[in-house]
Amino acid sequence: MSFEVQIHRLAGNEDIELPRKMSELASGFDLYAAVSEELTLAPGQRLLVPTGIAIAMPGGLEAQIRPRSGLAYKHGITCLNSPGTIDADYRGEIKVLLANLGQEAFVIRRNERIAQMVFQIVPEVELIQVDELSETIRGAGGFGHTGTK
């Protein structure tokens with residue numbers, strides 16, 4: 001199954017790489033920082049980092065913004081609100097909410113890979129109000145209820 005997603009490079013960002021997969025079977029498209037100057041992300045700090053692009057996707061798709069595993073492992077850099085959702089009707093600039101969970105400051109440079117964007121199919125769902133729900137073995141057991149540790 002294939003979908004066409006339009007991408008628009010915003011003015012002033014002609015030098016920013018367009019999102020791309022870094023291997024043939026990768027699921028995510030890497031996103032690049034469109035910062036005008038280097039930004040320093042201190043430990044415990046969060047920043048909204050522009051990518052210099054906007055997209056238009058058909059209904060029935062969403063784009064999810066996720067951390068890059070290498071940045072997370074090596075530097076403690078992750079995306080808050082992860083995965084972040086971009087709805088099919090959003091046409092603004094894609095921005096990435098980065099957080100530094102590491103112990104050292106991290107410098108974000110222009111055109112540096114900062115996150116990845118994965119497209120997902122969104123099923124058509126109809127919510128139906130009922131007076132009671134069907135029973136299950138788990139029932140209303142919440143966080144940690146199904147495990148023993």
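Derivation of every value follows stated rules applied to the coordinates shown; laboratory data play no part. Everything numeric in this text was worked out from a predicted model, so none of it was measured. Quick reminder, even Gly has a Cβ in these numbers, built from the backbone with ideal geometry, and neighbours come from all protein chains shown.
Taking the chain as a Gaussian network of alpha-carbon nodes connected by springs under 10 Å, the highest mean-square fluctuation of the residues L133, L18, L71 belongs to L133. For the stretch 85-119 and the stretch 1-71, what is the separation of their C-alpha centers, rounded to whole Å? The stretch 85-119 and the stretch 1-71 have Cα centres separated by 6 Å. For L41, nonlocal amide neighbours, meaning residues 5 or more places apart or on other chains whose placed amide H falls under 5 Å from its own, are F106, V107, I108. Put in line by how crowded their Cβ is, counting other Cβ atoms within 10 Å and starting with the fewest, Y73, Y90, Y32 read Y73, Y90, Y32. Its alpha carbons give the chain an Rg and a Dmax of 18.9, 57 Å.
Taking a ≥ b ≥ c as the square roots of the Cα gyration tensor eigenvalues, the stretch 63-149 comes out oblate, since a/c reaches at least 1.5 and a/b does not exceed b/c.
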